[in-house]
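Working notes, structure below.
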Number of protein chains: 2
Amino acid sequence: MRILDSTIKRIQPLDKAAMDKAAQRQDQLTKPRGSLGILENISIQIAGITGKSIPQIKNKAIITMAADHGVVAQGVSLYPQEVTAQMVLNFLSGGAAINVLSRQVGARVVIADMGIAVKLTASENIICKSIGSGTADMCMGPAMTRTQAIDSIEAGIDIVEKEIKQGLDIIGTGEMGIGNTTAASAIVAAITGKPVAMITGKGTGIGDEQLAHKIEIIEKALAVNKPDPNDALDVLSKVGGFEIGGMAGVILAGAANHIPVVIDGFISGSAALIAAGICPQAKDYLIASHLSVEKGHIVCLKHLGLKPAFDLNMRLGEGTGAALGIFLAEAAVNLLGQMATFAEAGVSDID
Amino acid sequence: MRILDSTIKRIQPLDKAAMDKAAQRQDQLTKPRGSLGILENISIQIAGITGKSIPQIKNKAIITMAADHGVVAQGVSLYPQEVTAQMVLNFLSGGAAINVLSRQVGARVVIADMGIAVKLTASENIICKSIGSGTADMCMGPAMTRTQAIDSIEAGIDIVEKEIKQGLDIIGTGEMGIGNTTAASAIVAAITGKPVAMITGKGTGIGDEQLAHKIEIIEKALAVNKPDPNDALDVLSKVGGFEIGGMAGVILAGAANHIPVVIDGFISGSAALIAAGICPQAKDYLIASHLSVEKGHIVCLKHLGLKPAFDLNMRLGEGTGAALGIFLAEAAVNLLGQMATFAEAGVSDID
């Protein structure tokens, strides 16, 4: 059996008994019931994911996957393609936003080359899983083959399985890839069936004219490839990206291993759509962090039945929103585990 | 000169030059311009507050002030008055939500008795600034004298001045006081002029009938006392609380000493209204953290010209939202100071 199939088979419903116990404990902690809001919900979800009524989060990883996109030849992005590789070098030297936030939240950053166009010098600090030197231009035909789509997902699964050996209590998804809001917009439009213009945003900051062009290119790519919305692998191969497939694999592997996966913004959301298309049960293992400025993100989250925890007007990617989300998940779990109960603290409860 | 007057005199406009430098640096960091959203704004604000174009946040304190309220005799709260003292003991033994979150964000919790009804056993870990054993019942007359109002504010100022000696780069406000959403609602209604019913929420979780009663009590208190909306000390003395006065003092002292003050939820917001009423310039030193479930909070923040950074559906107080806000402020400052520039990282910028 392929790794993808065996991974899907391991994805189970959440542990209801652990969730009930966690919910009961929340109601005994020294605070008005429900007063910790979303943090209470997240703690109960993580209890269900891990099967532990008092879960702990110690080992945290942001998995940031980089790849290039052939569609940049169509002039959809503000930045040149070489920025993907340049930013990966920035990740490796610790100077990017994701490095700063990961240091603050105590998460390790795992960088993977999923298919950068430029060949990077080998480094201990990057996992090489390159599926190709960037995808093909999706407005000329499929971005990748179906085999490459599966390979990219299985690469993501393999990375998680190896990271688990170092200890892994929570995962954040992240990405870098010039042109990848174009791929993500195409995926979200294909799967949700919403109009491209409703989904497509300004990415790194293009102007109105370039946005209109970007929308046309995505519409062309969808017309040329006709991705089947009921076949997530078909959507990924026709209009996706290698890092998006990789993140879908990370999500599936997280779910298979009872590890909560905090998803970042729009591109990560498109990967979650692919993962959920392959295995709907995986959705329960997801924690949505921030709401991106990219207008398609809310459409994507609604389709997944997820609500973003916060909105800081961010649109950077890399896993930056996920890093903040990991902090919140850790807060949720710490509160559940470390607060005193009314009985322990000798505080009068209401009847 | 009284300490309050000399403190107000020290509150200056933000340092525009430091803000300009910070904004310029944000535009050179390796990310699309503006893509860190609110975090960029907060970093620039803190540059202006501290006068440093690359500020640092190392020493963090949540100042959590506790006091009782005579108006609880009117049956406005779900919990009995003794819970104020019981929760303070819980703070001191580290079992409350604010302790858990402060540990996570690396902030010290400074607990102050501003006027708890029950006499607590002396402890090294609580600062005794008691103005009285709870306020008087505000629906019978003023909650406190004008002198007590000033004393409560000056107590807050004194606490900050002493904490600065231990190092203090950012302050979070917090409180505990059964009945204090009633006092806060009265303050917000008095100062903003909005109807009491629009301001008043369910506090710790009262039902609809008790809410209607709470609204009546607040309306009665305002009718009996006629607080002058243009005289914040009058409002504080007529319908406030000792911990609310204390937090107003914390805000004024933070502003006077160029230290950012992260305000928590509704009660902290009412203290900010008092502080801003006394010295409007103090508003620029405030960072609004979460939006509380208490419906008057958004009214209060709008009046202050502040936008909450996030909404987690919380309504606990203690400084819990402020603790999360301090984490965000630290993230903002870390990103500004620690990210590489395009030039440093050799990343191609757009023209």
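The values are calculated or read from the model by the stated rules, or taken from the named source; none is laboratory data. Just so it is clear, the structure is predicted and the values come from calculations on it, not from any experiment. As a convention, Cβ positions derive from the backbone with ideal geometry for all residues, glycine included, and neighbour counts pool all protein chains shown. Ligands, DNA and RNA are stripped out before the accessible areas are found, and what is left, the full protein with its side chains, is counted by its heavy atoms. Shrake-Rupley method; radii C 1.70, N 1.55, O 1.52, S 1.80 Å.
Can you pull out every residue in the range B:325-344 that is crowded, with 24+ Cβ neighbours inside 10 Å, among the aliphatic types (A, V, I, L, M) and more than 7 Å from every other protein chain (Cβ to nearest Cβ)? Residues satisfying the conditions are B:Ile326, B:Ala329, B:Ala332, B:Val333, B:Leu336. Of the residues in the range B:172-180, at least one is out of contact with any strand residue (DSSP E or B) (no Cβ under 9 Å at 6 or more places or on another chain), surrounded by 24 or more Cβ atoms within 10 Å (Cβ to Cβ) and not aromatic (Phe, Trp, Tyr). Comparison of B:Ser292, B:Ser270 shows that the only residue that is more than 10 Å from chain A (Cβ to nearest Cβ), of a type in the set (S, T, N, Q) and not in a strand (DSSP E or B) is B:Ser270. Per the conditions (1) open to solvent by 30 Å² or more (accessible area, probe 1.4 Å); (2) farther than 21 Å from A:Cys279 by Cα; (3) basic (Lys, Arg), the sole criterion not satisfied by A:Arg146 is (2). For the range B:57-67, does any single residue satisfy the condition of being more than 22 Å from the chain's Cα centre (by Cα) and either surrounded by 17 or more Cβ atoms within 10 Å (Cβ to Cβ) or of a type in the set (D, E, K, R) (or both)? No, the conditions are met nowhere in the range B:57-67.
Condition check: surrounded by fewer than 22 Cβ atoms within 10 Å (Cβ to Cβ), within 20 Å of the chain's Cα centre (by Cα), β-branched (Val, Ile, Thr) and farther than 25 Å from A:Val239 by Cβ. Does A:Ile38 satisfy that? Yes; evaluated as a whole, the condition is true for this residue. Per the conditions (1) surrounded by fewer than 19 Cβ atoms within 10 Å (Cβ to Cβ); (2) over 26 Å from B:Met314 (Cα atoms); (3) without any contact (Cβ under 8 Å) to a residue 12 or more places away in the chain; (4) over 20 Å from the mean Cα position of the chain (by Cα), the sole criterion not satisfied by A:Arg2 is (3).
Checked across the range A:329-343, the condition of being in the same structural domain as A:Lys16 (by TED's automatic domain parsing), hydroxyl-bearing (Ser, Thr, Tyr) and under 27 Å from B:Phe327 (Cα atoms) holds for at least one residue. Among the residues that make up the range B:194-202, is at least one of them open to solvent by 10 Å² or more (accessible area, probe 1.4 Å) and closer than 22 Å to B:Gln81 by Cβ? Yes, that holds for at least one residue. Given the criteria more than 14 Å from every other protein chain (Cβ to nearest Cβ) and open to solvent by 10 Å² or more (accessible area, probe 1.4 Å), does A:Gly277 qualify? The answer is yes for A:Gly277. Filter the range B:132-153 down to the residues that are within 15 Å of B:Ala67 (Cβ to Cβ) and either outside the structural domain of B:Ala232 (by TED's automatic domain parsing) or under 19 Å from the mean Cα position of the chain (by Cα) (or both) and list them by number. Scanning the range B:132-153 gives B:Ala149, B:Asp151, B:Ser152, B:Ile153. Screening B:Tyr79 on (1) under 25 Å from B:Met1 (Cβ atoms); (2) at pLDDT below 95 shows it passes everything except condition (1).
Only one entry of B:Lys307, B:Lys283 meets the criterion of being assigned to a helix (DSSP H, G or I), closer than 30 Å to B:Lys9 by Cβ, out of contact with any Phe, Trp or Tyr (no Cβ under 6 Å at 6 or more places or on another chain) and more than 9 Å from chain A (Cβ to nearest Cβ), and that entry is B:Lys283.
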